[in-house]
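The values are calculated or read from the model by the stated rules, or taken from the named source; none is laboratory data. As the structure is a prediction and not an experimental result, all values here were calculated from the model. Cβ placement follows ideal geometry from the backbone for every residue including glycine, while neighbour counts extend to all protein chains displayed.
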């Protein structure tokens, strides 16, 4: 135990001696947390709309006005030629254009029906789908209005409605989800990076030899290497949660103890992976590429940015091996929904097993002798 | 010039001799593009939803069946009371519950207003919104069909054209982003370590006392990596085209030229990092930690830049990946020519020049 | 009395290449044993097999009475090692390095404190105790590394080219430290390619291409090869074509 403490002390001294490391480890992630949490909004606002109004009637102007008033669309231009509108889309200045044909109003009043044309830039499929849905809703709404004005109220109104409610987060505040999630990513990045570069650095400089001729036990060495980063990562998590609470008003519905308890196990997995990478590589460069490879997979397949449910079944199977996905989910469950110990039992067991396996592997693979 | 060639050869030896690292460098982006190309999507496929059917009528059964048949949803558990919903969410089993009220048909026949409730677990608001939209669309379409018989007066019909991507495949949205992100991060990382490594190992001093000019050293270091990064670019673009069916509607030559430019920009960013740092650890911390998440989040790869707050929209302008994503979407999907992307190209060029100039300046300062 | 080190046909192969080829020797307790050879002759590989860093391919060896195959960890308690590569942490201070290695070897805290004072004073490094090791000149670092390697009073200390790149005066001081350690009963196993240093050793073995080509006291070796200095002995042994005979 004493031996372990000596290693821990040495690691701390080495980390904090480099003046650049401290801000890079603590400040940079927190700044990223505060800034990037704002970026992670799927909601499609500010859709750029171009209107081609061939009709120039009272109704066509009223419809255009409804689009502008909706809040989802920004009218970026209007013209009298569909080709001009199409060019706007090519240039990326418009996301969609509404083509109101000549005689729209007349046709609606005389023939009791009229057509419109909507052209959407569908490179971003989801955005296009939403833009279409919003636009269609506005047009339908307009249709209802016109209908009740001319044919009397209640005409043809369907009596079955669809209501939706958003539990745990009725205002659809995406910070409450993104802040804890991004924090998980940052803590993971810092932890895996520090531990992954560590042993391999001693290999590269040659000090590892000096350690290997000492009577130190393998597990003492690995624990001594693990502990400092475990403490740093936990501290980082605590700072990040404080920031989330102060700046973003993240509700802590469930128990914070549970979050930190889970984090304690989770970090063992992440750091153990780092150490394992460190033991199988020869240079920091190699270690870094391998760590990067896994980190980016863990991050993009964590279910934070795109839902796991959307992945093909085999990819969903892969996420079962992704520790980040577990922690992101536990954060969401405990902090936002107030899930208890029993609800996250499975997550804890999986992480516990994972931690044992990874660290066992790291100890086993760390060779004092070649 | 001859010196430069000799120097480039030495750098190329370093890179290409180490077969294992080479394999890692080329294999990793391949695996990642394949993996992410399939997995990163926000389309809804077989999302599990739970049902709370209080009406138990023909209509609710029809709608549930419709949902299951759509391919978007998979019907999970049947709940029995409203209080089940919260427990269900808390265990994280599904994210959406469809609630059918009692006496659905009777009320509809009597023309009393009645509601189908879609209850979403909105802890992940993005997914919640998408799920609700999909489910509403299915129910809406069902209702429309039911009403088919009774033609409404004064109907406005809208004809919708989905340009470039009529089937709304999200591959078109994400594959360009995946390609960009991987190219940029790998390139910046490779060069950021290359120079700091020589500094740390002491071989840099040998180079510095040689009659080579600092600019020669920097250029000589970058050129082999350009070749490597271009190979990488070729691989990932081919995967995009052949595996994910990304069309190349614009000029292939233009696409290649833009790739060269982007690769140079990213590599020179790496060089800049390396001239400012002393140890490999710090260089890596910056190129890995400081670049990864901002590039993923602010490039418009996953989250639309238009939805971000103004400040972040401004900030996103300094992310090289943002501009390249715009460029490849234009050239590959919209088939536009250079006249539509000259602005973005110029910005990337400016960034590259800035990174290179700053690197050479840092380098000279060190020498002074 | 048991020998400090015995090696019997000790061999290490890396693939097709035989780095150390069946070397056999004994090192007596308290002896200063010189291990000479050109670069690449296999000195470092031999040392790494003895101190437990590298597993031998064949042959037998024991260090401090323990078998290198089975009891590498027990051996490690009884030896000190100073590697050819610089072995202290450059980004730690002199004091921190002493504390760290003292702690790793399990010395009690007051013992570490006592040794630190004594060691720093002995080296005349009081003003630099709180300086980073990387700011010290090479000679000082090497002396410090040696002092730290024997801080836990090992029975045997392995020194792998400890004076490489060090000026003659510092080398002299370094050897005085080695003598002092030997006087206290420590066995010293030292590799070098400075032939003048060979003269300081009790016995010398000369390695050529992975084999021990000669082993005796410097005096006897000079007599055997009719040479005036160890340098001549060495050249004699390593001259091309010699080992065909």
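Being surrounded by fewer than 21 Cβ atoms within 10 Å (Cβ to Cβ) and either closer than 30 Å to residue C:193 by Cβ or at the interface with another protein chain (Cβ under 10 Å from one of its Cβ atoms) (or both): is that true of residue C:125 here? It is true that residue C:125 is surrounded by fewer than 21 Cβ atoms within 10 Å (Cβ to Cβ) and either closer than 30 Å to residue C:193 by Cβ or at the interface with another protein chain (Cβ under 10 Å from one of its Cβ atoms) (or both). Residue C:41 - would you say it is assigned to a loop (DSSP other than H, G, I, E, B) and touching a helix residue (DSSP H, G or I) at 6+ places or on another chain (Cβ under 9 Å)? Yes: the conditions hold for residue C:41. If we scan region B:299-315, do we find a residue that is touching a residue at least 24 places away in the same chain (Cβ under 8 Å), surrounded by fewer than 24 Cβ atoms within 10 Å (Cβ to Cβ), under 24 Å from the mean Cα position of the chain (by Cα) and part of a helix (DSSP H, G or I)? The answer is no; no qualifying residue exists. For region C:147-168, residues that are closer than 20 Å to residue C:5 by Cα and assigned to a helix (DSSP H, G or I) total 1.
The set of residues in region B:316-338 that are within 10 Å of another protein chain (Cβ to nearest Cβ) and either touching a strand residue (DSSP E or B) at 6+ places or on another chain (Cβ under 6 Å) or assigned to a helix (DSSP H, G or I) (or both) comprises B:316, B:326, B:329, B:330, B:332, B:333, B:334. Here is the figure for region A:320-352: residues that are crowded, with 19+ Cβ neighbours inside 10 Å and more than 26 Å from residue B:284 (Cα to Cα) total 15. Of all the numbered requirements in (1) touching a residue at least 12 places away in the same chain (Cβ under 8 Å); (2) in a strand (DSSP E or B), residue B:94 misses one, and that requirement is (2).
Residues checked against (1) touching a residue at least 40 places away in the same chain (Cβ under 8 Å); (2) closer than 30 Å to residue C:133 by Cβ; (3) out of contact with any strand residue (DSSP E or B) (no Cβ under 9 Å at 6 or more places or on another chain); (4) outside any loop (DSSP other than H, G, I, E, B):
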| site | (1), (2), (3), (4) |
| --- | --- |
| C:12 | yes, no, no, yes |
| C:20 | yes, no, no, yes |
| C:87 | yes, yes, no, no |
| C:95 | no, yes, yes, yes |
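Considering the conditions (1) touching a helix residue (DSSP H, G or I) at 6+ places or on another chain (Cβ under 6 Å); (2) touching a residue at least 60 places away in the same chain (Cβ under 8 Å); (3) under 30 Å from residue B:126 (Cα atoms), residue A:123 is excluded by exactly one of them, (2). If you go through region A:292-318 and keep only what is more than 8 Å from chain B (Cβ to nearest Cβ), within 22 Å of residue A:233 (Cβ to Cβ) and assigned to a helix (DSSP H, G or I), you end up with A:294, A:298. Considering B:76, B:92, the condition of being at positive phi and either touching a helix residue (DSSP H, G or I) at 6+ places or on another chain (Cβ under 8 Å) or modelled with pLDDT of 80 or more (or both) is satisfied by B:92 alone. For the residues A:216, A:162, A:199, the requirement of being part of a loop (DSSP other than H, G, I, E, B), more than 23 Å from residue A:31 (Cα to Cα) and in contact with a helix residue (DSSP H, G or I) (Cβ under 9 Å, 6 or more places away or on another chain) singles out A:216. Being more than 9 Å from chain A (Cβ to nearest Cβ) and over 19 Å from residue B:133 (Cβ atoms) is true of residue B:60.
Pull up region B:108-134, narrow it to residues that are farther than 23 Å from residue A:176 by Cα and within 8 Å of chain A (Cβ to nearest Cβ), then point me to the one that is modelled with the lowest pLDDT. Residue satisfying both the conditions and the ranking: B:111. Looking across region A:5-54, the residues that are over 32 Å from the mean Cα position of the chain (by Cα) and not in a helix (DSSP H, G or I) come down to A:51, A:52, A:53, A:54.
Taking the criterion of being part of a helix (DSSP H, G or I), touching a residue at least 40 places away in the same chain (Cβ under 8 Å) and surrounded by fewer than 21 Cβ atoms within 10 Å (Cβ to Cβ), the residues of region B:240-258 that qualify are B:254, B:255.
Conditions tested, residue by residue: (1) more than 10 Å from chain A (Cβ to nearest Cβ); (2) in contact with a helix residue (DSSP H, G or I) (Cβ under 6 Å, 6 or more places away or on another chain); (3) within 27 Å of residue B:169 (Cβ to Cβ).
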| residue | (1), (2), (3) |
| --- | --- |
| B:251 | yes, no, yes |
| B:272 | yes, yes, no |
| B:277 | no, yes, no |
| B:283 | no, yes, no |
| B:286 | no, yes, no |
| B:289 | no, yes, no |
| B:302 | no, no, yes |
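When the residues of region B:187-210 are narrowed to those that are at the interface with chain A (Cβ under 8 Å from one of its Cβ atoms) and buried (at least 23 other Cβ atoms within 10 Å of the Cβ), which ends up modelled with the highest pLDDT? Checking each candidate, the answer is B:189. Residue count for region C:80-111 under the criterion of being under 22 Å from the mean Cα position of the chain (by Cα), facing chain A (nearest Cβ under 7 Å) and more than 16 Å from residue A:5 (Cβ to Cβ): the result is 6. Here the condition is being outside any helix (DSSP H, G or I), within 8 Å of chain A (Cβ to nearest Cβ), surrounded by 16 or more Cβ atoms within 10 Å (Cβ to Cβ) and in contact with a helix residue (DSSP H, G or I) (Cβ under 7 Å, 6 or more places away or on another chain); of B:139, B:156, it holds for B:156 alone.
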